[in-house]
1. Return the residues of segment 126-148 that are loosely packed, with under 13 Cβ neighbours inside 10 Å, in contact (Cβ under 8 Å) with a residue 12 or more places away in the chain and of a type outside the set (Asp, Glu); say none if nothing qualifies.
2. For Arg157, all conditions in the list (1) in contact (Cβ under 8 Å) with a residue 40 or more places away in the chain; (2) surrounded by 19 or more Cβ atoms within 10 Å (Cβ to Cβ); (3) charged (D, E, K, R) hold save one; what is the number of the exception?
3. Take segment 115-125 and flag every residue that is open to solvent by less than 30 Å² (accessible area, probe 1.4 Å) and at positive phi.
4. For the list (1) surrounded by 14 or more Cβ atoms within 10 Å (Cβ to Cβ); (2) more than 18 Å from the chain's Cα centre (by Cα); (3) in a helix (DSSP H, G or I), I need the number of the one condition that Ile63 fails.
5. When you look at Ala31, is it part of a helix (DSSP H, G or I) and surrounded by 14 or more Cβ atoms within 10 Å (Cβ to Cβ), yes or no?
6. Please work out which one of (1) open to solvent by 50 Å² or more (accessible area, probe 1.4 Å); (2) free of Cβ contacts under 8 Å to residues at least 40 places away in the same chain is the condition Lys4 fails and give its number.
7. Just to check your reading of the model, which residue among Leu88, Leu97 is closer than 30 Å to Val148 by Cα, hydrophobic (A, V, I, L, M, F, W, C) and open to solvent by 70 Å² or more (accessible area, probe 1.4 Å)?
8. If we scan segment 50-59, do we find a residue that is under 30 Å from Val141 (Cβ atoms) and open to solvent by less than 40 Å² (accessible area, probe 1.4 Å)?
Amino acid sequence: MAEKKMMTVEGLKKLEDELHERKVIIRKEIADKIKEAREQGDLSENAEYDAARDEQRDNEAKIEELENLIKNAVVISDDDIDHNVANLGSAVTLKDLESGEEMEFSIVGSAEVNSLEFKISNESPLGKAMIGKKRGDIIKVDFMGNEVKYQVLDVKRY
């Protein structure tokens, strides 16, 4: 039985869009590549055919992965969230109490993580520590044996 994964409405939409693209567009592109490679003759020494079949296998595996993620998604809607308390779908501004640095993180489901956009998983140590906190709260997070303290400056819907 697959594990249920929490995610935002936006995260589910992205997965559904990618699944649609892989099923409708990418499948057709790969099928065209396979057809062209077959027309070249002997398949036993046809690198284009082998590459296209590998691409097809990888795409089908990704489709299966996306379908499982979508099937097992537990979507947290805007109505389910108290916007004064950090939760999935919240943007949380933190202040590092040692350095004074301020940073904002969005709490998302594990399938939506994007470190370049500061989207962190609700299952990560920092994400777990933020859940349930509100403006003014102090959180402590263990990063590789070092305890880091943050103050929650703001919580809002991202």
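1. Answer for segment 126-148, where residues must be loosely packed, with under 13 Cβ neighbours inside 10 Å, in contact (Cβ under 8 Å) with a residue 12 or more places away in the chain and of a type outside the set (Asp, Glu): Gly132, Gly136, Ile138, Phe143.
2. If we test Arg157 against (1) in contact (Cβ under 8 Å) with a residue 40 or more places away in the chain; (2) surrounded by 19 or more Cβ atoms within 10 Å (Cβ to Cβ); (3) charged (D, E, K, R), just (2) comes out false.
3. Hits for segment 115-125: nothing passes.
4. (2)
5. Considered against the rule, which asks whether it is part of a helix (DSSP H, G or I) and surrounded by 14 or more Cβ atoms within 10 Å (Cβ to Cβ), Ala31 comes out as no.
6. In the conditions (1) open to solvent by 50 Å² or more (accessible area, probe 1.4 Å); (2) free of Cβ contacts under 8 Å to residues at least 40 places away in the same chain, Lys4 misses (2) alone.
7. Step by step, each of Leu88, Leu97 is checked, and only Leu97 is closer than 30 Å to Val148 by Cα, hydrophobic (A, V, I, L, M, F, W, C) and open to solvent by 70 Å² or more (accessible area, probe 1.4 Å).
8. Within segment 50-59, none of the residues are under 30 Å from Val141 (Cβ atoms) and open to solvent by less than 40 Å² (accessible area, probe 1.4 Å).
The values are calculated or read from the model by the stated rules, or taken from the named source; none is laboratory data. Values in this document were obtained by computation on a predicted structure and should not be read as measured data. We place every Cβ from the backbone using ideal geometry, glycine too, and count neighbours over all the protein chains shown. These area figures cover heavy atoms from the full protein model, side chains too; ligands, DNA and RNA do not enter into them. Shrake-Rupley method; radii C 1.70, N 1.55, O 1.52, S 1.80 Å.
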